[in-house]
Amino acid sequence: MGSWGYAPMSNDTSEDIRDEFETKLKYRKDFDAAIKEILTDNKDILDDKDDASNLWLALADRQWQYGFKNDKIKTKVKEICQNGIGQNLWKEEGSKEYLKRMNALEKFYNKISIPKKIPKLVIRKAIFKKGDCLSLKLDNGYYACALVLDEDNSDIEYGDNFIVLLQSFTQNKPTLDLFYNTPYLVHTLSEHNKGEIVMSEYDAIGFKKFKTQIEKIGNINITSTNFRRPKLCSYSEWNLLITEAQNEFKEEYIIL
(Lines give C-alpha, C1' and ligand atoms only; values in the text may rest on other atoms or scores of the structure.)
Protein backbone atom coordinates (compact mmCIF):
# COMPACT_ATOMS: atom_id res chain seq x y z
CA MET A 1 0.00 0.00 0.00
CA GLY A 2 1.64 3.26 -1.12
CA SER A 3 0.45 6.36 0.77
CA TRP A 4 1.43 9.97 0.17
CA GLY A 5 -0.92 11.77 2.57
CA TYR A 6 -3.44 11.51 5.40
CA ALA A 7 -6.54 11.91 3.23
CA PRO A 8 -8.55 8.73 2.52
CA MET A 9 -7.81 8.85 -1.23
CA SER A 10 -4.08 9.56 -0.85
CA ASN A 11 -2.88 6.02 -1.52
CA ASP A 12 -2.46 3.67 -4.47
CA THR A 13 -5.26 1.27 -3.50
CA SER A 14 -7.94 3.96 -3.18
CA GLU A 15 -6.93 5.56 -6.46
CA ASP A 16 -7.03 2.22 -8.31
CA ILE A 17 -10.39 1.20 -6.82
CA ARG A 18 -11.99 4.55 -7.63
CA ASP A 19 -10.88 4.32 -11.27
CA GLU A 20 -11.96 0.69 -11.56
CA PHE A 21 -15.37 1.43 -10.09
CA GLU A 22 -15.98 4.44 -12.33
CA THR A 23 -15.21 2.41 -15.44
CA LYS A 24 -17.56 -0.39 -14.42
CA LEU A 25 -20.32 2.02 -13.45
CA LYS A 26 -20.17 3.90 -16.74
CA TYR A 27 -20.54 0.73 -18.78
CA ARG A 28 -22.95 -1.21 -16.61
CA LYS A 29 -24.97 1.63 -15.05
CA ASP A 30 -25.49 -0.80 -12.15
CA PHE A 31 -24.00 0.20 -8.80
CA ASP A 32 -24.43 -3.14 -7.04
CA ALA A 33 -22.98 -5.16 -9.93
CA ALA A 34 -19.94 -2.90 -10.04
CA ILE A 35 -19.35 -3.35 -6.28
CA LYS A 36 -19.76 -7.12 -6.51
CA GLU A 37 -17.17 -7.38 -9.28
CA ILE A 38 -14.68 -5.19 -7.42
CA LEU A 39 -15.00 -7.23 -4.23
CA THR A 40 -14.54 -10.44 -6.21
CA ASP A 41 -11.54 -9.15 -8.17
CA ASN A 42 -9.77 -7.70 -5.10
CA LYS A 43 -9.94 -10.49 -2.55
CA ASP A 44 -6.24 -10.09 -1.83
CA ILE A 45 -6.85 -6.51 -0.70
CA LEU A 46 -9.82 -7.52 1.45
CA ASP A 47 -7.60 -10.07 3.22
CA ASP A 48 -5.34 -7.23 4.37
CA LYS A 49 -7.11 -5.31 7.16
CA ASP A 50 -5.25 -2.06 6.59
CA ASP A 51 -5.49 -2.06 2.82
CA ALA A 52 -9.12 -3.25 2.95
CA SER A 53 -10.04 -0.01 4.70
CA ASN A 54 -8.72 1.92 1.70
CA LEU A 55 -10.91 -0.15 -0.62
CA TRP A 56 -14.04 0.60 1.40
CA LEU A 57 -13.19 4.29 1.65
CA ALA A 58 -12.74 4.45 -2.13
CA LEU A 59 -16.13 2.82 -2.71
CA ALA A 60 -17.69 5.25 -0.23
CA ASP A 61 -16.14 8.14 -2.10
CA ARG A 62 -17.64 6.96 -5.37
CA GLN A 63 -21.00 6.30 -3.70
CA TRP A 64 -21.01 9.85 -2.38
CA GLN A 65 -20.07 11.26 -5.75
CA TYR A 66 -22.70 9.38 -7.72
CA GLY A 67 -25.57 9.47 -5.24
CA PHE A 68 -26.18 5.77 -4.56
CA LYS A 69 -26.77 4.17 -1.18
CA ASN A 70 -25.32 0.89 0.00
CA ASP A 71 -25.71 -0.04 3.68
CA LYS A 72 -22.70 -2.39 3.70
CA ILE A 73 -20.39 0.35 2.50
CA LYS A 74 -21.91 2.83 4.92
CA THR A 75 -21.39 0.48 7.89
CA LYS A 76 -17.83 -0.38 6.95
CA VAL A 77 -16.83 3.25 6.49
CA LYS A 78 -18.44 4.30 9.78
CA GLU A 79 -16.33 1.71 11.60
CA ILE A 80 -13.20 2.87 9.81
CA CYS A 81 -13.74 6.59 10.35
CA GLN A 82 -15.10 6.50 13.90
CA ASN A 83 -13.37 3.47 15.42
CA GLY A 84 -10.09 3.46 13.53
CA ILE A 85 -10.63 0.02 11.98
CA GLY A 86 -7.79 -0.86 9.62
CA GLN A 87 -5.56 2.03 10.71
CA ASN A 88 -2.82 0.03 12.44
CA LEU A 89 -0.15 1.23 10.04
CA TRP A 90 -0.92 4.80 11.05
CA LYS A 91 -0.74 3.89 14.73
CA GLU A 92 2.73 2.52 14.13
CA GLU A 93 3.76 5.92 12.79
CA GLY A 94 3.09 7.47 16.21
CA SER A 95 0.23 9.17 18.04
CA LYS A 96 0.63 12.48 16.18
CA GLU A 97 0.43 10.84 12.74
CA TYR A 98 -2.47 8.63 13.80
CA LEU A 99 -4.40 11.67 15.06
CA LYS A 100 -3.90 13.49 11.76
CA ARG A 101 -5.17 10.45 9.91
CA MET A 102 -8.25 10.14 12.12
CA ASN A 103 -9.01 13.85 11.71
CA ALA A 104 -8.85 13.39 7.93
CA LEU A 105 -11.21 10.39 8.16
CA GLU A 106 -13.65 12.39 10.28
CA LYS A 107 -13.76 15.17 7.69
CA PHE A 108 -14.27 12.58 4.96
CA TYR A 109 -17.16 10.93 6.83
CA ASN A 110 -18.87 14.30 7.31
CA LYS A 111 -18.47 15.09 3.61
CA ILE A 112 -20.00 11.95 2.12
CA SER A 113 -23.52 12.73 3.38
CA ILE A 114 -24.16 14.93 0.31
CA PRO A 115 -24.87 12.76 -2.79
CA LYS A 116 -23.95 13.64 -6.36
CA LYS A 117 -25.22 12.49 -9.74
CA ILE A 118 -24.02 9.43 -11.64
CA PRO A 119 -21.69 10.26 -14.59
CA LYS A 120 -23.14 9.86 -18.05
CA LEU A 121 -21.66 7.54 -20.64
CA VAL A 122 -20.95 9.82 -23.59
CA ILE A 123 -20.95 7.86 -26.84
CA ARG A 124 -18.57 9.37 -29.39
CA LYS A 125 -18.29 7.37 -32.60
CA ALA A 126 -15.42 7.84 -35.02
CA ILE A 127 -16.06 10.87 -37.21
CA PHE A 128 -15.33 9.16 -40.52
CA LYS A 129 -15.66 5.73 -42.11
CA LYS A 130 -12.83 3.58 -43.43
CA GLY A 131 -12.02 4.69 -46.97
CA ASP A 132 -13.39 8.22 -46.62
CA CYS A 133 -11.52 10.75 -48.75
CA LEU A 134 -10.97 14.12 -47.07
CA SER A 135 -10.32 17.55 -48.49
CA LEU A 136 -8.33 19.85 -46.17
CA LYS A 137 -8.51 23.63 -46.74
CA LEU A 138 -5.10 25.14 -45.94
CA ASP A 139 -4.29 28.69 -44.90
CA ASN A 140 -2.38 29.31 -48.14
CA GLY A 141 -5.53 28.73 -50.21
CA TYR A 142 -4.56 25.25 -51.43
CA TYR A 143 -6.23 21.96 -50.57
CA ALA A 144 -4.55 18.87 -49.15
CA CYS A 145 -5.74 15.26 -49.42
CA ALA A 146 -6.17 12.93 -46.45
CA LEU A 147 -7.34 9.32 -46.55
CA VAL A 148 -9.10 7.54 -43.67
CA LEU A 149 -7.40 4.16 -43.46
CA ASP A 150 -9.38 2.82 -40.51
CA GLU A 151 -12.05 3.51 -37.88
CA ASP A 152 -12.13 2.12 -34.36
CA ASN A 153 -15.17 2.27 -32.06
CA SER A 154 -14.00 -0.34 -29.55
CA ASP A 155 -13.93 2.40 -26.88
CA ILE A 156 -17.48 3.71 -27.20
CA GLU A 157 -16.61 7.03 -25.57
CA TYR A 158 -13.60 7.70 -27.75
CA GLY A 159 -14.07 6.42 -31.28
CA ASP A 160 -11.11 7.28 -33.49
CA ASN A 161 -9.90 7.40 -37.07
CA PHE A 162 -6.51 6.47 -38.49
CA ILE A 163 -5.70 9.05 -41.14
CA VAL A 164 -2.82 9.47 -43.61
CA LEU A 165 -1.93 12.53 -45.69
CA LEU A 166 -1.31 12.16 -49.43
CA GLN A 167 1.45 13.71 -51.51
CA SER A 168 -0.81 16.04 -53.44
CA PHE A 169 -2.06 19.62 -53.16
CA THR A 170 -4.65 21.28 -55.40
CA GLN A 171 -5.90 24.81 -56.05
CA ASN A 172 -9.49 23.56 -56.02
CA LYS A 173 -11.11 20.84 -53.97
CA PRO A 174 -9.44 17.52 -54.87
CA THR A 175 -11.25 15.00 -57.04
CA LEU A 176 -11.80 11.41 -55.97
CA ASP A 177 -9.39 9.97 -58.55
CA LEU A 178 -6.42 11.48 -56.67
CA PHE A 179 -7.00 9.10 -53.76
CA TYR A 180 -6.34 5.89 -55.67
CA ASN A 181 -2.68 6.03 -56.66
CA THR A 182 -1.17 9.12 -54.99
CA PRO A 183 1.78 8.27 -52.70
CA TYR A 184 1.57 8.94 -48.97
CA LEU A 185 3.10 12.17 -47.73
CA VAL A 186 6.28 11.77 -45.65
CA HIS A 187 7.95 13.92 -43.01
CA THR A 188 10.88 15.97 -44.31
CA LEU A 189 11.47 18.60 -41.60
CA SER A 190 12.07 16.93 -38.24
CA GLU A 191 15.07 14.64 -37.82
CA HIS A 192 13.31 12.27 -35.37
CA ASN A 193 10.64 11.23 -37.90
CA LYS A 194 12.20 12.25 -41.21
CA GLY A 195 11.15 9.90 -44.01
CA GLU A 196 8.22 8.46 -42.04
CA ILE A 197 4.69 8.56 -43.44
CA VAL A 198 2.56 11.44 -42.08
CA MET A 199 -0.22 9.50 -40.37
CA SER A 200 -1.84 9.52 -36.94
CA GLU A 201 -4.98 8.68 -34.95
CA TYR A 202 -7.68 11.26 -34.30
CA ASP A 203 -10.50 10.72 -31.82
CA ALA A 204 -13.94 12.29 -32.03
CA ILE A 205 -13.23 15.10 -29.57
CA GLY A 206 -12.48 18.54 -30.98
CA PHE A 207 -13.51 17.91 -34.59
CA LYS A 208 -16.31 20.51 -34.68
CA LYS A 209 -13.82 23.40 -34.62
CA PHE A 210 -12.37 22.23 -37.94
CA LYS A 211 -15.39 20.83 -39.78
CA THR A 212 -15.38 23.80 -42.18
CA GLN A 213 -11.78 22.97 -43.17
CA ILE A 214 -12.05 19.17 -43.23
CA GLU A 215 -14.63 17.87 -45.70
CA LYS A 216 -15.46 14.36 -46.91
CA ILE A 217 -15.67 14.27 -50.71
CA GLY A 218 -16.22 10.54 -51.21
CA ASN A 219 -15.19 7.04 -50.24
CA ILE A 220 -12.95 4.40 -51.82
CA ASN A 221 -12.58 0.71 -51.01
CA ILE A 222 -9.65 -0.14 -48.75
CA THR A 223 -8.95 -3.86 -48.37
CA SER A 224 -6.84 -5.67 -45.80
CA THR A 225 -4.31 -6.42 -48.55
CA ASN A 226 -3.34 -2.79 -49.11
CA PHE A 227 -3.44 -1.55 -45.52
CA ARG A 228 -2.34 -2.88 -42.15
CA ARG A 229 -2.87 -0.74 -39.05
CA PRO A 230 0.40 -0.17 -37.12
CA LYS A 231 0.58 -1.62 -33.61
CA LEU A 232 1.81 1.71 -32.27
CA CYS A 233 0.65 5.09 -33.50
CA SER A 234 0.48 8.50 -31.87
CA TYR A 235 -2.75 10.38 -31.21
CA SER A 236 -3.07 13.90 -32.60
CA GLU A 237 -5.50 16.80 -32.35
CA TRP A 238 -7.50 17.64 -35.47
CA ASN A 239 -5.67 20.94 -35.92
CA LEU A 240 -2.44 18.97 -36.38
CA LEU A 241 -3.89 17.19 -39.42
CA ILE A 242 -4.05 20.56 -41.15
CA THR A 243 -0.78 21.81 -39.64
CA GLU A 244 1.13 18.74 -40.80
CA ALA A 245 -0.16 19.25 -44.36
CA GLN A 246 0.84 22.93 -44.30
CA ASN A 247 4.30 22.14 -42.92
CA GLU A 248 5.02 19.57 -45.63
CA PHE A 249 3.55 21.66 -48.48
CA LYS A 250 5.88 21.71 -51.49
CA GLU A 251 5.36 23.10 -54.98
CA GLU A 252 6.40 19.81 -56.59
CA TYR A 253 3.40 18.13 -54.93
CA ILE A 254 0.90 20.50 -56.56
CA ILE A 255 -1.53 18.74 -58.89
CA LEU A 256 -2.90 21.05 -61.60
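Descriptive notes on the structure:
- Yes/no for ILE38 being in the same structural domain as TYR98 (by TED's automatic domain parsing), within 25 Å of the chain's Cα centre (by Cα) and either within 15 Å of LYS72 (Cα to Cα) or of a type in the set (A, V, I, L, M) (or both): yes
- Among the residues making up the stretch 222-254, those that are at pLDDT below 90 and either surrounded by fewer than 14 Cβ atoms within 10 Å (Cβ to Cβ) or within 15 Å of SER135 (Cβ to Cβ) (or both) are THR223, SER224, THR225, ASN226, ARG228, ARG229, PRO230, LYS231, LEU232, CYS233, SER234, TYR235.
- Taking the stretch 133-180 as the range and being buried (at least 17 other Cβ atoms within 10 Å of the Cβ), outside any strand (DSSP E or B) and over 22 Å from the mean Cα position of the chain (by Cα) as the test, the residues that pass are TYR142, PRO174, LEU178, PHE179.
- Answer residue from the stretch 25-36, given it is out of contact with any Pro (no Cβ under 9 Å at 6 or more places or on another chain) and crowded, with 20+ Cβ neighbours inside 10 Å and is nearest to LEU55 (Cα to Cα) among those: ILE35
- Qualifying residue in the stretch 41-58 (condition: closer than 30 Å to TYR158 by Cβ and out of contact with any helix residue (DSSP H, G or I) (no Cβ under 7 Å at 6 or more places or on another chain)): yes
- Subset tally (residues that are within 16 Å of ILE217 (Cα to Cα) and out of contact with any Gly (no Cβ under 7 Å at 6 or more places or on another chain)) for the stretch 139-181: 23
The values are calculated or read from the model by the stated rules, or taken from the named source; none is laboratory data. Bear in mind that the values here come from a model prediction, so they are computed numbers and not experimental data. No Cβ is skipped: glycine too gets one built from the backbone with ideal geometry, and neighbour counts run over all protein chains shown.
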